[in-house]
Amino acid sequence: MDVATIGFLACAAVIILLAIRVPIAFAIGGVAVVALFFFFAMRTGTFVPDRALLRTTSVAFSSSFDLIHSYNLSMIPLFIALGQVAYKAGITTEIYEAARIWLVKLPGGVAIASIAGCGGFSAISGSSIACASTMGKICTPEMLRLNYDDRLATASVAAGGTLGSLIPPSILFIIYAIFTETSIGQLFLAGFLPGLISLLGYALVVYIWVRRSPSLAPLSGETYSRQEKFRALLGAWPAFLLFLIVVGGIYGGVFTATEAAALSLMFATVLGFARGRIKIGDVLPMIREVGVTTGGIFFIAACAKIFVSLIALTGLSTNLVTMLGEANIGPWGFMLMVCVIYLVLGMFLDPVGIMVLTLPLMIPMVESFGFDLIWFGVIIVKLLEIGLITPPVGLNVFVLAAAIDGQVPIGKIFSGIWRFLVSDLIVLILLVLIPGISLLLPMSM
Amino acid sequence: MFKRIEFTLDTLGAIAVVLLCTLIVVSVFCREVLGFGVPDSIIMVRELMVPAILFPLSSATSRRAHVSIEVIANHFPAALNRWIAVLAALIGLIIVVTLLNSGWAQFTKNWANGAHYGGDFNLPKWPSRAVFVIAFFFVTLRLLQTLWVDLVAAFTGQPAPATL
């Protein structure tokens, strides 16, 4: 058996195991270890298991340990913890309140405020799922109380939650950076404008939807003076400051992304203490939960790193690049293929799983077409975001339904989602056709 | 017993996160305000990452919190899914035992030759390897328990418990 066949068989085995509900980390890691063993054992033409065992364990250790033993990646637990602490410290609620007071008079104002709140939360936390879950607890019950249509009250937050992956900081960008060896800071900056455009697109969807059917979002009788509006805006200062630390610090070259994560977390925690919303005894239980989430993400990534070693050793990606060259599909044909693959995978798989499974094979092909990896990263994250709200597995929809204790059925949430998907597809086309949207900020660094 | 150990591991992991956050903040403060850096802070953060990430894995395993894809398997008969759970635990054991074995080899090697990082403190390399081994030892034990519970469920036709 030649080495490329081992690589192809390993990929096929992973796909089958994933389909039958074997956990992603186990499927990728288990198959990678077995395939590496056969690769090393049969390398010289004769089967030598002793030497193969040593080599396999050595590759498995170095691939996984190097990933975990990383200074830069310490920002992942820090940003996930920041989301939790910001919620406990009341920072998240203040963002939403400020947006609500300013936008309440617009058609569907509270839904637009919820999307803006999601944007604000995304700017201090890196996870779409955390965003949908946290904002779902704050915004959706409020909209339902105001007699907003169930579909609008839920779909706007589920879609808004996806901003968590695009607006910096973003866990997906960090994982993308690991597998492509690109700059995390540049990726963060590249995601900012596309995130903002996505946010405006969602707000426009709500505006048009409610303008056409005003009964979906009864206008609130609440009125606020200019003074109250500015007071609400000033009340959200911690969120602005956190955003300034993360984006301003990286853009200005004052901090690295890791340092920005640590400073933001420390600031949010101290603020929580000062406000009496977080007690010393709350810190460890909060971070313990963060540990379980982070450990799961890293275990998948560590197993994927072992799989990447297998892909590199078997030369599978080189074979794919050759096949792609022979197929003569051209760069735009390739981009179309990428979009279709990620949109389909997004319907069934979680974003981290898709990324770690596909990037090792995809990146050599992307490089062969000479595409900018930062721009490609933004496209991939946008595609993964879309996957978070597409049926049947749209994770954000399920997370939101759980956050509001199933008050609105899953099917009803999905029925409101398609309008936001249209907006997402338009934004995606813009991002593909105009790379400058993504590259403007990183290029100006 | 297991629960208490996992609670301790989770707490140690959380402490590691708090420590690495504090270390980075102090390091930035010293660099920007006092004009000097904390020696070996990058090495110490990297060492703290190992318990921060790996210690909670045993808990995640006991909660069956590893991410998987449900869409297709949801249409399978319950009996088949119980056997798939057994297969999943077996495949999990392949990777976890490999990591445990390789971690142990690295730990003993670093312990024996007194390997250390460069830098001001010459910090030894073995503690993070020891943490790696401890973490995967408990994940292995949890997976063995999972395998046993799922095997019993598959043979008896009874649903396996959602958490251990």
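The values are calculated or read from the model by the stated rules, or taken from the named source; none is laboratory data. Everything numeric in this text was worked out from a predicted model, so none of it was measured. When we count neighbours, we look across all protein chains shown, and the Cβ atoms used for this are built from the backbone with ideal geometry, even at glycine. When the accessible area is computed, the model is the full protein with side chains, heavy atoms only, and any ligands, DNA or RNA have been set aside. Shrake-Rupley method; radii C 1.70, N 1.55, O 1.52, S 1.80 Å.
Computed quantities for the displayed model
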item	result
Apportionment of accessible area to carbon and sulfur, the stretch A:125-244, percent (1.4 Å)	60 percent
Residue mean of other protein chain beta carbons inside 10 Å, B:12-19	6
Per residue accessible area in Å² of the protein assembly as shown, where ligands, DNA and RNA are left out and the probe is 1.4 Å	39 Å²
Positive-pole candidate from A:THR162, A:CYS139, A:ALA32, dipole of chain A, charges at beta carbon	A:CYS139
Exercise: per-residue mean of other protein chain Cβ atoms within 10 Å, A:63-73	6
For the pair B and A, total buried accessible area rounded to nearest 100 Å², probe 1.4 Å	5000 Å²
Sparse-neighbour loop sites [chymotrypsin sites (Phe, Trp or Tyr not before Pro); the stretch A:22-111; at most 16 other C-beta within 10 Å; DSSP]	A:PHE47
Rh by Kirkwood over Cα pairs, then Stokes-Einstein D for the stretch A:81-134 at 1.306 mPa s and 10 °C, µm²/s	144 µm²/s
Debye, to nearest 20: dipole size of the protein assembly as shown, +1 on Lys, Arg Cβ, -1 on Asp, Glu Cβ	880 debye
Residues of the stretch B:30-65 buried by at least 30 Å² on assembly (accessible area, 1.4 Å probe, chain alone as reference)	B:ARG31, B:ILE42, B:ARG46, B:MET49, B:VAL50, B:ILE53, B:PRO56, B:LEU57, B:ARG63
Pairwise Cα inverse-distance average, inverted: Kirkwood Rh of the stretch A:1-150 (Å)	19.5 Å
Rh (Kirkwood; distinct C-alpha pairs) - the stretch B:1-158, Å	18.1 Å
Shielded by partner chains, the stretch A:10-58 residues - at least 40 Å² of accessible area, 1.4 Å probe, vs chain alone	A:ALA19, A:ILE20, A:ARG21, A:VAL22, A:PRO23, A:PHE26, A:VAL33, A:THR57
Two-site FRET efficiency, A:GLU326 against B:LEU141, from Cβ-Cβ distance with R₀ of 35 Å, rounded to 0.05	0.10
Relative contact order of chain A, defined on C-alpha pairs under 8 angstrom at six or more residues apart (%)	25 percent
In degrees, nearest ten, helix A:351-368 long axis to first principal axis of chain A (Cα)	60 degrees
Computed E for A:PHE273/A:LEU200 - FRET, C-beta separation, R0 45 angstrom, nearest 0.05	0.80
Accessible surface of the stretch B:39-164 [probe 1.4 Å, protein heavy atoms]: carbon and sulfur percent	69 percent
Where a label projected 7 Å from the Cα of B:PHE29 along Cα→Cβ would reach, residues of the stretch A:88-104 with amide N under 11 Å	none
Partner chain coverage, peptide A:295-307 - average Cβ within 10 angstrom	4
With Cα atoms, 0 to 90° folded angle of helix A:226-235 axis to chain A main axis	30 degrees
The stretch A:113-184 and the stretch B:119-159: distance between their alpha carbon centers, rounded to Å	33 Å
Derived scalar couplings ³J(HN,Hα) [the stretch A:19-30; Karplus, 6.51 cos²θ - 1.76 cosθ + 1.60; whole Hz; x for Gly, Pro]	5, 9, 6, 7, x, 3, 4, 5, 4, 5, x, x
Under DSSP loop assignment and at most 14 Cβ neighbours within 10 Å, longest chymotrypsin sites (Phe, Trp or Tyr not before Pro)-free interval of chain B	B:37-120
Inter-site label distance for A:ARG145 and A:ALA4 at 7 Å from Cα along Cβ, in nm	6.3 nm
Taking the convex hull of Cα positions in the protein assembly as shown, its mean projected area over all directions (nm²)	29.4 nm²
Hydrodynamic radius of the stretch B:85-164 per Kirkwood, over alpha carbon pairs, in Å	14.5 Å
B:PHE155-B:ALA65 pseudo-label distance in nm [points 7 Å out on the Cα-to-Cβ vector]	3.1 nm
Radius of gyration, Dmax [the stretch A:195-245; alpha carbons; angstrom]	15.2, 41
Centroid-to-centroid separation of the stretch A:206-277 and the stretch A:367-445 [C-alpha atoms, Å]	22 Å
